[in-house]
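S.K.: Got a structure for you, written out below as C-alpha cells; questions coming shortly.
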Amino acid sequence: MTSKTTAIIDTDPGIDDAIAILYALRHPDLDIAAMTTVAGNIGLKVTTTNALRIATLAGVPTPVHSGAAAPLGRDPRPEIGIHGNDGLGGVTFPDPATGPASSYAVPYMVDALMTAPEKTIDLFCLAPLTNIATLMTMAPEALPRARRIIAMGGAVDEPGNMGRGEFNLAHDPEAAAMVLHAGLDLTLIPLDATRQFRAGADFLADLRATGKAAAVASADLIDAYFVQTEHQARGSVSRPLHDPCVPLFALHPDLFRIETRHLEVDHDGALIEGPHPIQVAMGVDADALRARLCEGLAC
Ligand code: RIB
Ligand code: CA
C-alpha cells in the first residue's frame, strides 16, 4: 500500500507547469493540498486564472492562493514568447469552476506548514522562488517543517535560457539565493536534467492515443511549444519537459541521477561554484519518465 505524498505546488502556469499540474492533480499517489501562484512566465492574474482553469480541466477542485506579483528586488520579465499571451500557448482550457481561495499564498503556506504534522508536506516549486523566499522571511520556523522541497531551476553545466542563468532562478535571483543557500532539504532539477527529458512526435501520439482529456490537453500544450518561431527556426523535433520533472521525481526518484554539487546563486541568478552543497539532478531515464508521465496523465 503506497502512502500518498501530500504537496503544495508553487507555480507560474505556463505550458510546462500545466502538464506537471495535470499529472500531479490526477495521480493516485499524490494529494495536492493547494496551488500557490507567482508571476513568472506571465503576470500573476493570468498564472492564477490558469491554475484554476487547469484544475477545472483535471476535474480535481484544488484551492489556488495567489502570491507574489513581482520578484523581490526587480521588475518581472514574463516569457510571452514561449508561453503565449494567455500563458497556455493558446490551448483551450475551460473557464475556472471557482475563483482563487485567497490572494495570500504565503500566509496560507505558513498556516499549512505550522498546522500539519512536521515533515508531512512537500513543496513542488515550478516557478521563480519569490513566494518561498517570502515565506522564509515571514515565518522562518515554517519552511523547515516541510518534508522536502523539489524545485525545477538552474543550469549547472548546461547553458542557461535567460542570460547566463535559467528562468526560475534568474527571474528572482535574490529569492533563489535565499532558498538555495539555506541548507534546506531541497532537490534542484536543473536544465542539465530537464533538457534530457524531451517530447517528440511519438510521445505526442502516445498521449493522444489515450483519449484522456489531461493527456490530450498535454499533447496540445506541447504542440504549442513547437509554434514558437525560435524553435521552428532551429528545426527542433522535440521540446524539453521542465516542470513535469518535479512531480515525476517525487514519485520516481530512481529515474533521476542525483549528484551533490557545491554551488551558489550569483547576482544574475546563475549557478556558479560555491560553498553550498546542493542535491542536483544531472541525468534522467527519459524513456521511463515518458512512460510514467503518459500513464499518469491517462489516470
Ligand atoms: O526554465 C524553465 C522554467 O521556466 C519552467 O518552470 C518554465 O515554466 C519557466 O517558468
Ligand atoms: Ca514554471
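The values are calculated or read from the model by the stated rules, or taken from the named source; none is laboratory data. The model shown is predicted, which means the values in this text are computed figures rather than measured ones. Please note: Cβ atoms are built from the backbone with ideal geometry, for glycine as well, and neighbour counts cover all protein chains shown. Heavy atoms of the whole protein, side chains included, go into the accessibility calculation; ligands, DNA and RNA do not. Shrake-Rupley method; radii C 1.70, N 1.55, O 1.52, S 1.80 Å.
S.K.: Please tell me if residue 22 is in contact (Cβ under 8 Å) with a residue 60 or more places away in the chain, surrounded by fewer than 23 Cβ atoms within 10 Å (Cβ to Cβ) and within 25 Å of residue 199 (Cα to Cα). Please lay out each step first, then the result.
M.R.: Working: in contact (Cβ under 8 Å) with a residue 60 or more places away in the chain: yes; surrounded by fewer than 23 Cβ atoms within 10 Å (Cβ to Cβ): no; within 25 Å of residue 199 (Cα to Cα): yes.
Here the answer is no, as residue 22 does not meet what is asked.
S.K.: Select, from 180, 129, 135, 184, the only residue that is within 17 Å of residue 36 (Cα to Cα) and away from ligand 2 (no atom under 16 Å from the Cβ). Spell out how you get there, then give the answer.
M.R.: On the way: 180 fails: within 17 Å of residue 36 (Cα to Cα); 129 fails: away from ligand 2 (no atom under 16 Å from the Cβ); 184 fails: within 17 Å of residue 36 (Cα to Cα).
After applying the criteria, what remains is 135.
S.K.: Give the stretch 39-49 a look and list any residue that's modelled with pLDDT of 95 or more, open to solvent by less than 40 Å² (accessible area, probe 1.4 Å) and out of contact with any His (no Cβ under 9 Å at 6 or more places or on another chain), or say none. Can you show your working first?
M.R.: Taking the stretch 39-49 as the starting set, the residues that turn out to be modelled with pLDDT of 95 or more are 44-49.
From the residues that got through so far, the ones that are open to solvent by less than 40 Å² (accessible area, probe 1.4 Å) too are 44, 47-48.
The answer is 44, 47.
S.K.: Out of all the residues in the stretch 119-158, which are part of a loop (DSSP other than H, G, I, E, B) and within 12 Å of ligand 1 (Cβ to nearest atom)? Break it down into steps so the answer makes sense when it comes.
M.R.: Narrowing the stretch 119-158 to residues part of a loop (DSSP other than H, G, I, E, B): 119-121, 126-129, 139-142, 146-147, 153-158.
If the condition is that a residue be part of a loop (DSSP other than H, G, I, E, B) and within 12 Å of ligand 1 (Cβ to nearest atom), then 126, 127, 128, 129, 153, 154, 155, 158 are the ones that fit.
S.K.: If you don't mind, another one. Name the residue, out of 67, 81, 14, that is open to solvent by 30 Å² or more (accessible area, probe 1.4 Å) and in contact (Cβ under 8 Å) with a residue 12 or more places away in the chain. It would help to see each step written out before you state the result.
M.R.: On the way: 67 fails: open to solvent by 30 Å² or more (accessible area, probe 1.4 Å); 14 fails: open to solvent by 30 Å² or more (accessible area, probe 1.4 Å).
Result: 81 is the single residue among 67, 81, 14 that is open to solvent by 30 Å² or more (accessible area, probe 1.4 Å) and in contact (Cβ under 8 Å) with a residue 12 or more places away in the chain.
S.K.: Can you tell me which residue in the stretch 158-177 is surrounded by the most Cβ atoms within 10 Å (Cβ to Cβ), limited to those that are away from ligand 2 (no atom under 13 Å from the Cβ) and without any contact (Cβ under 8 Å) to a residue 40 or more places away in the chain?
M.R.: Filtering the stretch 158-177 for residues that are away from ligand 2 (no atom under 13 Å from the Cβ) and without any contact (Cβ under 8 Å) to a residue 40 or more places away in the chain, the one surrounded by the most Cβ atoms within 10 Å (Cβ to Cβ) comes out as 158.
S.K.: Given the criterion modelled with pLDDT of 95 or more, more than 15 Å from ligand 2 (Cβ to nearest atom) and either among the aliphatic types (A, V, I, L, M) or surrounded by fewer than 17 Cβ atoms within 10 Å (Cβ to Cβ) (or both), identify the matching residue among 191, 204, 221. Reasoning before the result, please.
M.R.: Numbers: 191 fails: more than 15 Å from ligand 2 (Cβ to nearest atom); 221 fails: more than 15 Å from ligand 2 (Cβ to nearest atom).
Checking each option against the conditions leaves just 204.
S.K.: Just one of 126, 135, 143 is closer than 23 Å to residue 73 by Cα, touching a residue at least 12 places away in the same chain (Cβ under 8 Å), touching a strand residue (DSSP E or B) at 6+ places or on another chain (Cβ under 7 Å) and not charged (D, E, K, R); which is it? Don't jump to the end; show me each part of the working.
M.R.: Values: 135 fails: touching a strand residue (DSSP E or B) at 6+ places or on another chain (Cβ under 7 Å); 143 fails: touching a strand residue (DSSP E or B) at 6+ places or on another chain (Cβ under 7 Å).
Result: 126 is the single residue among 126, 135, 143 that is closer than 23 Å to residue 73 by Cα, touching a residue at least 12 places away in the same chain (Cβ under 8 Å), touching a strand residue (DSSP E or B) at 6+ places or on another chain (Cβ under 7 Å) and not charged (D, E, K, R).
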